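Down below is the structure, laid out as C-alpha cells.
The values are calculated or read from the model by the stated rules, or taken from the named source; none is laboratory data. In this text the structure is predicted, and so the values were computed from the model without any measurement. FYI the Cβ positions are ideal-geometry reconstructions off the backbone, even for glycines, and counts take in every protein chain you see. Ligands, DNA and RNA are stripped out before the accessible areas are found, and what is left, the full protein with its side chains, is counted by its heavy atoms. Shrake-Rupley method; radii C 1.70, N 1.55, O 1.52, S 1.80 Å.
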Amino acid sequence: MERLLAQLCGSSAAWPLPLWEGETTGHCFTQLVLSVLPHALLAVLSACYLGTPRLHPTYLARVFQAHWQEGARLWRALYGAFGRCYLALGLLKLVGTMLGFSGPLLLSLLVGFLEEGQEPLSQGLLYALGLAGGAVLGAVLQNQYGYEVYKVTLQARGAVLNILYRKALQLGPSRPPTGEALNLLGTDSERLLNFAGSFHEAWGLPLQLAITLYLLYQQVGVAFVGGLILALLLVPVNKVIATRIMASNQEMLQHKDARVKLVTELLSGIRVIKFCGWEQALGARVEACRARELGRLRVIKYLDAACVYLWAALPVVISIVIFITYVLMGHQLTATKVFTALALVRMLILPLNNFPWVINGLLEAKVSLDRIQLFLDLPNHNPQAYYSPDPPTEPSTVLELHGALFSWDPVGTSQETFISHLEVKKGMLVGIVGKVGCGKSSLLAAIAGELHRLRGHVAVRGLSKGFGLATQEPWIQFATIRDNILFGKTFDAQLYKEVLEACALNDDLGILPAGDQTEVGEKGVTLSGGQRARIALARAVYQEKELYLLDDPLAAVDADVANHLLHRCILGVLSHTTRLLCTHRTEYLERADAVLLMEAGRLIRAGPPSEILPLVQAVPKAWAENGQESDSATAQSVQNPEKTKEGLEEEQSTSGRLLQEESKKEGAVALHVYQAYWKAVGQGLALAILFSLLLMQATRNAADWWLSHWISQLKAENSSHEAQASTSLASMGLFSPQLLLFSPGNFYTPVFPLPKAAPNGSSDIRFYLTVYATIAGVNSLCTLLRAVLFAAGTLQAAATLHRHLLHRVLMAPVTFFNATPTGRILNRFSSDVACADDSLPFILNILLANVAGLLGLLAVLGSGLPWLLLLLPPLSIIYYHVQRHYRASSRELRRLGSLTLSPLYSHLADTLAGLSVLRATGATYRFEEENLRLLELNQRCQFATSATMQWLDIRLQLMGAAVVSAIAGIALVQHQQGLANPGLVGLSLSYALSLTGLLSGLVSSFTQTEAMLVSVERLEEYSCDLPQEPQGQPLQLGTGWLTQGGVEFQDVVLAYRPGLPNALDGVTFCVQPGEKLGIVGRTGSGKSSLLLVLFRLLEPSSGRVLLDGVDTSQLELAQLRSQLAIIPQEPFLFSGTVRENLDPRGLHKDRALWQALEQCHLSEVVWMVSWVRGAGAYLLGRGSCCVWPGLSSQMPRSCVSMRPQQAWTRRQTSYSSRPSANALPTRQC
C-alpha cells in the first residue's frame, strides 16, 4: 500500500523521492491519506493515475517546455501541453448532462406503470433498473469527470508555477516588486486555473437550458417566448455587470499588489521601524492600500449580489410572464399547465444560477492570464546579448569595457553609468572610489550584468565560470552558516578551514551555540552587520572564481578585522585572482594595482594609487585613529543587533535550529474560529443576514403553499370531471413535459395524474396570479436583501480580519521576526487574506442556502407526508459518518497545503532578493531544482485533497441512488401485492431525489467551508496568539517630555530567558545631558543589550532605566521611542517619495528636511535623481540613506551605533548651490 500511494503521489524508481520530508511526518501523511481512501478506491485512482502523464513537476516542466518559447502566449502553450486531454473530457460532461434528464423521465414512467397496473412486471423492473442504473452511471461519470478535470488542473498548475519561477530567475534589471511576484504565484495562478472548471460548464449549462426550453415549448407553445425574451433582455444587463466586475477586478489586484509589496518592505525593515516608532505611521499606509483594495472588492461583491439576484429571481418572473402571456393568447389555464410549466421553469434554476459564476470565473481567469502574461513578457537577463561573444583581445586581460553606457532602466531615464574605456589585467587588484551616489556599485552591477547595456562593448574572459560577488547588502539565506558558505558546493575541509581563517570567522563560530551548524535568521537577522558581510565574503571566496566583484565588504567591520580581511583574504587567499574592490577606506587601497575614480556615473580618472588617492580628501586622523573600536570582532549593528551567546541560545536550541516548523492546528476547526468570523462580520449584521435568509426561504415555501391551495380549489371545482379526465403517464412520450411533474421544486404537486380542469373565470385566474405574483415579489425583495446584507457582512469581516492581523504583527517583538521567515508571514497577508476576501464568502453563501433549503424541505415533509421522515434517521447516521470521516482528512490536507505553500513563497522571495548572487555564482539551476522539490510537496497535498473530494462525492451520489432504488424496489413489491399507491411512490421518489441531493450539497459545502475557515484559523492564530511587546501605561508628560536627554541605568539585569546567564548583570551608569558616550567591548559583552533595554525591545529582569528621571518601563512604547533617535547601520528605504522616507509621520517641514539632506551631502543628488532602486538604494549610497531619519528627527537624545565611516563619505564635498528649501521634490524611491 505504501508503494501504491507513492505511485499515486508521483514517486517512482525514476524519481526516488520520499513521500514526505522526515520519517515521522511521512508516516503521518501516509496514514492520513490511507485513512481517507479505502484500498479499492485507492487502487482505482492509482490505476487511472499511472495511465496518464505524471503530476511530478519535473515531468510537467519537460512537457510544457516542449510547447513554450520566449515571447509565446501562455494559453497557447498550456493548450499544446494539456488542452487535447482536457477537451476530450467534454465527452464525459456531455453524457453526464444527458443522463441528468433520465431521473425525472424514468421516474414518471415508473409511476405510470404502477398506476396502470396492466403492463408486465418485467416492464416495471426495467424502469426501476433504468432509474437505479442511470443514477449510478451518472454518479460514476460525474465523479470521473471531476477527478480527471482536477488532474489536468494540477498539471497546468505545476507548469504555470514552474514557468513563473523560471522567469523570476531570468528577469533583467526591470523587475516587479516581490509582493507582486508573490501575488502571481499565489492568487493569479489559482484564478487562472479556475478556467478548467468553468470552460466545460460554459457550454454544458446552455445545453441544459436549451433542452429544458424545448420541453417547455412542447407544453405551453409559443407562450414561453415571453419568458425567454425576458431572460434574453437580462443578458446585456449581465454583460454590463460582468464588464464592471472585470474592470474592478483588475484594479483590485493592482491595489493588492501594492499592499503586499508594502507589507514585504515593512517586514524587511521591521527592526528600524520599531526603533524609530514608525509602526503606526507605516501601518496606516498599509491600511490605506487595503482600503483602496476593499473599495474595489466592495464594487465586485455588490455587483455579484446584483447578478445573483437577477438570475435567482428570474425563474419566478418567467413563470408569471408565461402564465400571463398564455392567458392573453386566449388559452385557459389549468392546473396541469400551471404545474408542468412551473416544474420546467424550476429546472432552469441550476443553469441560470450557475451561469453567472461560470462567466465570472472565466473573466477572472482572463484577468489573471493577462497579468501573468505581462510578467512573462518582461525582458530577460541575456548574457549572450549583454556580453561580447569574443573574449578580450589580449590574453592577459580579464575584463574590458569600451564606450559602455549602462542604466537601471531600458530607456535610460535614471542616472547612467558611462565607461569610456576600462581594461583590467589578470591578477590585478583594482580599487573603486568616489563620493556617495557616484556610481561605484552601479559599475560592479554593470560588470555582473545586472544593468541595461544601452551601448558599448563588455568583454569578460572565462564568463562561463561566473563571478565571485559580495554585494553591498549581504544576502544571507535562512540556513546554517556552513550551508551559506558552501552554497551548494561540495564540502572541502581544507578549503573551508582556509576560508574561515581568511574571513575572520573562527572567533565568531566559537561563541555561537552550534558553531557553523547554527541556523541564522532570514537575511541573517540574528547576526551583526559585520558577521553577515564576512559570511557573504566567505561564500564568494569558497566558490573559487577567477574574477571577484567586492562591493564595500570592509564597511561593516572595525580596523583590526578590516586589516585581517585585507591581508588574509583580499591580498592573501584571493591574491591569484582578479579583484575589483569598491570601498570608502582609501587607506586600504595603497597596495592596489590601480584605482578608479567615479563621479556622477562617469569614470573620470584611472591610475595607480599614488596618483588617484591624493585626489580623495582623507578623513581626519583623529577619526581614523580614535573612532575605531579595538575589538577584533565585528562592529555592532543597531538595525540587526548582534546576538550575545545568551541571546542566540534564547532563539536556538543546542542543535543550532532557529527555524521552527510552522505550527498546525489539529482536529476540527475550533468553535472560537467560527466565533471570530461571526464577530468580524458584526453581531447585528450577522443576525440580519440569517433573518433575511429565513425570510427568503419562508416566502419561497409560501409560494408553494399557495399553488397547493390553488390546486385544491381546482380539484373541488372539477371533482365531477376527474373520472373522465384521468390519463396514463406511462403512455406518454419519453420526452413529454408531463413526466416532469415530480420535479424536486414542487412540494405539493398532486401525485395522481392531473385532470383537465374546467375553464376558470378570468377573475379567479387574476386573483390566483395576483396573490402568487405578490408572494413572488416579496420573495424577490427578500432575496435581494439577503444578497446585499451578505455582501456587506463578508466585506466587513474581510476588513476586520486584515486589520487585526496587521496590528498584531506590527506589535510583535523582534524575536518573532528573527525566527519566522518572511514568506510564512506573507502567506497570511496574501493567500489567507485572499481566501477570507473571496473564496470563503462564496462557499459560505452556498452553505447557508443549502441549510435554509433543507430546513424548508423538512418543514414541508413533516407537515405534508410525515411517514417520509422515518427515512431520515438512518440516512442521517450514514451521512454523519461519511462527512465526519471526510472532514477530518479534508481539514488536515487543507492545513498541509497551506504549510507546503509557505516555503514556495519564501523561496521565491529569497530568490528575488539574491538573484544577482545566484546568477554570478551559477546557482540558478540548483535553486530551480529546489523549487521543483517544494512544488512537488505542495502538489501532493493538492492531489490528495482532490482524491478525498472525489471519495466523498462518489459515496454521496451512490447513497442517493441507493435510496431511490430501494424506494422503487419496495414499490414494485407492493405493486405485486396490490398495496402500492402510485402517487405516494412518485412523491416519495421525487422527495428522495431532492433530499439526497440537498444533503450532498450540504455536506460538500460544509466541508469546503470548514476547509476555507482554516485560513481564518491561521489569521486568528496570528491575530490572537502572537507574543506582543509590553506597551506600558501612558503618562501625562506631554509630547516634549524628554527635554534634557539624561540617561541613567540603575542596577539593570537582563536575561534573555529564565535559566540562562545574565546578558547584563547589575549595570549601573549615568550619562549627563549633552554628554557623548562611547560603548566598546568584545562580541557578546552586552553592547547591544544596552540599546535593546533602552528602546525596550527587551525588558530587564530587574533594575530601572531613567530618561530625565522618568522610568521607561512606565511609558508607552510609542511615547518612549518617539523621543529617541537612532542611526541604523543598514539602510532601510520603502517605496514612496524621498519625503516619505525622510519623515514617515509627516512631522517636519520641507526646510528641516532639506537641512538634513544637505548635512548628508545629498541635496543635489536628491534633486537630480528621479528614482531609487527600492531598498537597495544604489543611487543614493548606503551610508547616507541610513542617516536621514536620525538627522531629520531632531530629538534631544540620539542613539547611534554604527561605524562613522559608514555614514559619511571619505570625500567631503561642499555644494555651491542647492534647490529651494520650500520645494522638496517628491522623487520616488
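General remarks:
- Scanning region 594-618 for residues that are of a type in the set (S, T, N, Q) and part of a helix (DSSP H, G or I) returns a single hit, S610.
- Taken together, the residues in region 376-410 that are of a type in the set (F, W, Y) and surrounded by fewer than 20 Cβ atoms within 10 Å (Cβ to Cβ) amount to 2.
- Test set (1) at pLDDT 85 or above; (2) open to solvent by 40 Å² or more (accessible area, probe 1.4 Å); (3) not in a strand (DSSP E or B) - R453 fails condition number: (3)
So that you can scan it fast, the table gives a plain yes or no per residue for (1) hydroxyl-bearing (S, T, Y); (2) open to solvent by less than 10 Å² (accessible area, probe 1.4 Å); (3) farther than 28 Å from L94 by Cβ:
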site	(1), (2), (3)
I211	no, no, no
G221	no, no, yes
V235	no, no, no
S268	yes, no, yes
E279	no, no, yes
R298	no, no, yes
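- In the set (1) part of a helix (DSSP H, G or I); (2) closer than 30 Å to E293 by Cα; (3) open to solvent by less than 40 Å² (accessible area, probe 1.4 Å); (4) not charged (D, E, K, R), the condition left unmet by S174 is number (1).
- Candidates T911, T924, T948, T900 - the one that is touching a residue at least 12 places away in the same chain (Cβ under 8 Å), over 25 Å from F829 (Cα atoms) and surrounded by 21 or more Cβ atoms within 10 Å (Cβ to Cβ): T948
- If you check V411, V398 for being of a type in the set (V, I, T) and modelled with pLDDT of 85 or more, only one passes: V398.
- Within the set A836, A888, A849, the sole residue that is under 30 Å from L904 (Cα atoms), more than 20 Å from the chain's Cα centre (by Cα) and either modelled with pLDDT of 80 or more or of a type outside the set (D, E) (or both) turns out to be A888.
- Residue within region 507-530 that is modelled with pLDDT of 85 or more and closer than 30 Å to V433 by Cα present: no
- Of all residues in region 1083-1118, those satisfying the criterion of being among the aliphatic types (A, V, I, L, M) and over 16 Å from L1064 (Cα atoms) are L1106, L1107, V1110, L1115, L1117, A1118.
Okay, residues lined up against (1) at pLDDT below 80; (2) open to solvent by 30 Å² or more (accessible area, probe 1.4 Å):
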residue: P1027; (1), (2): no, yes
residue: G1038; (1), (2): yes, yes
residue: D1051; (1), (2): no, yes
residue: V1071; (1), (2): no, no
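- Pairs meeting the criteria (first residue in region 834-845 and touching a residue at least 60 places away in the same chain (Cβ under 8 Å), second residue open to solvent by 30 Å² or more (accessible area, probe 1.4 Å) and part of a helix (DSSP H, G or I), beta carbons under 6 Å, at least 6 apart or on different chains) are C835/M1012; S839/M1012; L840/M1012; I843/Q1008; I843/M1012.
- Here L262 does not qualify as modelled with pLDDT of 80 or more, touching a Lys or Arg at 6+ places or on another chain (Cβ under 7 Å) and open to solvent by less than 10 Å² (accessible area, probe 1.4 Å).
- Filtered by the rule that a residue be assigned to a helix (DSSP H, G or I), over 11 Å from L141 (Cα atoms) and touching a residue at least 40 places away in the same chain (Cβ under 8 Å), region 78-103 gives L78, A81, F82, C85, Y86, G90, G103.
- Some residue of region 833-854 being under 30 Å from V520 (Cα atoms) and open to solvent by less than 20 Å² (accessible area, probe 1.4 Å): yes
- Y905, sole failed condition from (1) open to solvent by less than 20 Å² (accessible area, probe 1.4 Å); (2) modelled with pLDDT of 85 or more: (2)
- S464 fulfils the conditions (1) in a helix (DSSP H, G or I); (2) touching a strand residue (DSSP E or B) at 6+ places or on another chain (Cβ under 7 Å); (3) of a type in the set (G, A, S); (4) open to solvent by 50 Å² or more (accessible area, probe 1.4 Å) except for a single criterion, (2).
- If the condition is being assigned to a helix (DSSP H, G or I) and not acidic (D, E), then region 177-191 contributes T178, G179, A181, L182, N183, L184, L185, G186, T187, S189, R191.
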